[in-house]
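Read through the structure below, which is laid out as structure tokens, and then see the notes.
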Amino acid sequence: MESPTSGRYARTEYCQTSIMDQNLQSHRRQQQTTDTSMPIARNSSFQQMRSESMDFNRTLGEEQVSLMESRKNRSYASINELVRQSKRGKQSIRFQVVIWYIGQIDMVQGRVPVTFRVTIFWNDQSEALDFDDSESGSLSSKSSHYWKMHGRQSAVFQEMKDEQADSVQVPPVSILNAVTFDTIGSPEVLLLREDTRLMRWTCMYKAILVQENWRLDNFPHDHHDITLKLGILAHRMLGDHWDRKNWELGLATDADSRGSTRVPHGLCVDNLRIPEFMFDNAKGLRFSFCPLKHGPGGRTNSDLCLEVKLRIYRESHYYDYNIMPLLGLLNLVAISTLFLEPQNFFQRALLILNIAFVEIGIRMTTDQRLPHASYQIKLQKILNEYFVGLLCLVLEGNLVYVLHQNGFTTHVRYCDLVAAVLMLTHNSYTIIGYYYDAHLLRWSLAGGS
């Protein structure tokens, strides 16, 4: 006989088993449903992944284009930065000088009228570079514009409508040895290159230049240097715009002049003529930088100036072919009177004094052409020596006449012989020395040192 407790346990176990069977069947049906719907789910996920990939590629392309543009902008910015860095270093103000005209020279006062053009080149630092949007990176060009001088130290960027758009600082050029000067026309300022900000300032001057240490001791075989001194005096102190430590003085190069002149830093025009002087156009001008004799002192604060020199040689043909041969022949005629007898003193002295009066006339004529210096020049010295020699011959004739009258007849001819030798020696030495100096002058002009 079955107990009530055992029947209750059997019913409970049966219920648990049936529940487990129902769960197992439900799980199998769910798995079959999942297997049948799997291809559709896979297709939908593939489409979604493909669209996401296309969106990603599109975004990536846009980012690459933007990256290329940013790289190009950075490259332009790097170029600008390199230019700015180069500008922060040593810069130079480069000179070009062209001599157009030299007038009559005042040798005594040392003043020379000169017409010349001064051109300076420099790379402006006041404005950064502006590039356009083209792929080649070409510089933006401006049309219908020019630079106009505003005062002496700046130039204003002018449009054709006379509207001031920009300004640039211009080095204030000073003519250091000018007594008076005037400008012919107005100075011109031009931007030659926009990438390097290469600027050119040019002006034509008509000035009277004072020359130092001119001497005429060797006239008419003298040579001199016409000197033009240029410098930048304003704003050259430490921290100023044209600080001498940052802006050095230099000479123009071929890149600056662009072949406008045969010599990039300056020359004399081919048709230049100087009254009473010659010069070697092949040698041309000589350029050198010398310390300023005025301004701030000391070795560290000393500034430089540009000295432009032209070596000139006097044309001495008038004196070589007209004056000196005549003087030499007159002296030979005076020496020939020593062969007269001592008792003919009156005839001898009269002839020598007539020659002396002729030389006085030559001296008076020559003095009109000689510079009125306060010291004795070479040609005046020669004239004086010849005149003194003639007077010495008159005194010698008088001495010989007295000795002959007192019975010293054996020694008077020796006196005449000694006097003749001395005069011939002096005459020969003077003539040879004079024409040797003339030869040296022409040799130097022809290219000798």
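Where a number appears in this text, it was derived from the coordinates with a stated rule and is not lab data. The structure presented is a predicted model; accordingly, all values stated were derived computationally and were not measured.
In the structure shown, do any of Lys206/Lys378; Lys90/Lys283; Lys206/Lys309; Lys90/Lys229; Lys245/Lys293; Lys90/Lys293 have a Cα-Cα gap over 27 Å, and if so which? Those over the limit are Lys206/Lys378; Lys90/Lys283.
Counted residue by residue at 0.36 nm each, then reduced by the alpha carbon distance between them, the extension gain from Arg369 to Leu329 reaches 12.2 nm. Hydrodynamic estimate: the Kirkwood radius of segment 299-449 over Cα pairs, inserted into Stokes-Einstein at 25 °C and 0.890 mPa s, corresponds to D of 134 µm²/s. Rounded to two decimals, the Cα radius of gyration of segment 186-276 over 2.2 N^0.38 Å is 1.48. Which values of log₁₀ I(q)/I(0), to two decimal places, follow from the Debye formula for segment 394-449 at q = 0.27 Å⁻¹ with a uniform point scatterer at every Cα? Rounded to two decimals, the profile gives -0.97.
The alpha carbon convex hull volume per residue for segment 162-221 rounds to 167 Å³.
Give the shape of segment 244-373 as rounded, prolate or oblate, defined through the alpha-carbon gyration tensor: a ≥ b ≥ c are the square roots of its eigenvalues, a/c under 1.5 means rounded, and otherwise the shape is prolate if a/b is larger than b/c and oblate if not. List each step's numbers first, then the result.
Working: a/c = 5.29, a/b = 2.83, b/c = 1.87.
In terms of gyration-tensor shape, prolate.
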